[in-house]
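Participant: Have a look at this one before I ask anything.
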Amino acid sequence: MGPGDEAPAGVGPPGRDSGDPGLRGAPAAGAGRVWLREIGVTAFRNLPDQSIAPDAEINLICGDNGQGKTALLEAVYLVATSRSFRAPRLREIVRHGEAAFSVRALFAEQRGELPPMDRLQSAALHKGTLHLRLDGNEPDNIVSYARRSPVVVFYPDELQLSNGPAALRRRLLDRLGFYLAPSSVRAGTRYARALRARQELLRRPSTSLAELEAFELVAAREGASLTRSRERAVRDFAPELMRAFGKIASPDLRLTVRYAAGGSGDEAVAAEELRSRRHRDVGAKVATFGPHKDELALELDGYPARQVASQGQHRALALAMKAAESASIASSTGLWPIQLLDDISSELDPSRTEALFSFLEETRGQLLITSTREGLLREALAASNPKVFQVLGGVIREA
């Protein structure tokens, strides 16, 4: 289960002795931060039962492919959000030969100059059901649980963010909307259900007009709500993305970001569009109007990025989108999220890697970075004194 199923820091001198982070740059709008103090896993993929204590600032998790680096990031993401970024079904995560898995994490949160507050979150899959606990208690709902410890993940599949299907960019906007307005999660689920029902009714030879109108009204109401949520997300996200791209890519490239709505934020307009398009939508697999047709349009020097960007520019743009996602979440929640970066150095040359970390060090988010290229990252982050872990056969040890 996860949010999508229901519908989706220390101020002071830096150092590890206190266990609390210092400033790595100017905080966005005075945002605080959340970080992972300790995480333990049991029967989770190929990882032996163990626990580690990351640094509050920057962590490098190094090792060859297939050793368990990504599994560690997946465990952090799952215990924070209730979902996996790799597996559509959580039972796929259970170690071979075991019946269940569990992840326990101690998170710390700090706002302003108040002392940090710790909380224990856990996620355990037992008999096909995911059990979540917050300080030993069952949370009110999945959404409230998943918003407590914001986390952003970047993994190789997301290199398609800038040139892949529009659905990837819609999911990005909905992740931002989840933190801006939690009600958008329910709106998205209700919209999708109503639209599927409408399409099914349109395909029937005899359909009740009243029933069809009822589903269209629900789709119009929830679709308009989802559109407004995405519009707001783009307003917050676009300037952050343009700033991040200017740091990571060539500064002489002009990036523009535009929300191309497939629906309308006006419920009455949306209802009329659905009514007027019934005949053309009869044979369609999906309606021709609505937020399921949304696009986040990206242009470089006035031309569609999908058509003109080089491979390196697409990589830089995808990374900038993740950095901007973190900054947008910090703005909406007041907390810099934990940032999980999986094997990003394999897709960047040394100069772009240095530019990426130059930008990331302006943030206050805890970083957990996996890589097979330990030397490159150690050199790029030498001034930040990262904590380094080695992973071999699933065993994670501090280097």
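Participant: Just to verify a result, which residue in the range 101-118, among those that are more than 21 Å from the chain's Cα centre (by Cα) and charged (D, E, K, R), is surrounded by the fewest Cβ atoms within 10 Å (Cβ to Cβ)?
Facilitator: Glu113
Participant: Another question about this same structure. Would you check which residues across the range 327-345 are touching a strand residue (DSSP E or B) at 6+ places or on another chain (Cβ under 7 Å) and either surrounded by fewer than 24 Cβ atoms within 10 Å (Cβ to Cβ) or assigned to a strand (DSSP E or B) (or both) and list them?
Facilitator: Gly334, Leu335, Trp336, Ile338, Gln339, Leu340, Leu341, Asp342, Asp343, Ser345
Participant: Please enumerate the residues belonging to the range 59-100 that are more than 23 Å from the chain's Cα centre (by Cα) and buried (at least 16 other Cβ atoms within 10 Å of the Cβ).
Facilitator: Gly63, Gln67, Arg95, Ala100
Participant: Further question on the same structure: Under 31 Å from the mean Cα position of the chain (by Cα), in a helix (DSSP H, G or I) and not small (Gly, Ala, Ser): which single residue out of Arg280, Arg275, Arg306 fits that description? Show your work before the answer.
Facilitator: Numbers: Arg280 fails: under 31 Å from the mean Cα position of the chain (by Cα); Arg275 fails: under 31 Å from the mean Cα position of the chain (by Cα).
Just a single option satisfies the conditions, and that option is Arg306.
Participant: Kindly indicate the residue of the range 164-190 that is in contact with a Ser or Thr (Cβ under 8 Å, 6 or more places away or on another chain) and of a type in the set (Ser, Thr, Tyr) and also farthest from Asp281 (Cα to Cα) among those meeting that condition.
Facilitator: That would be Tyr179.
Values in this text are rule-based calculations from the coordinates and carry no lab data. This one's a predicted model, so the numbers in the text were calculated from it and none came from an experiment. Heads up, the Cβs are rebuilt from the backbone with ideal geometry, glycines too, and the neighbour counts pull from every protein chain shown.
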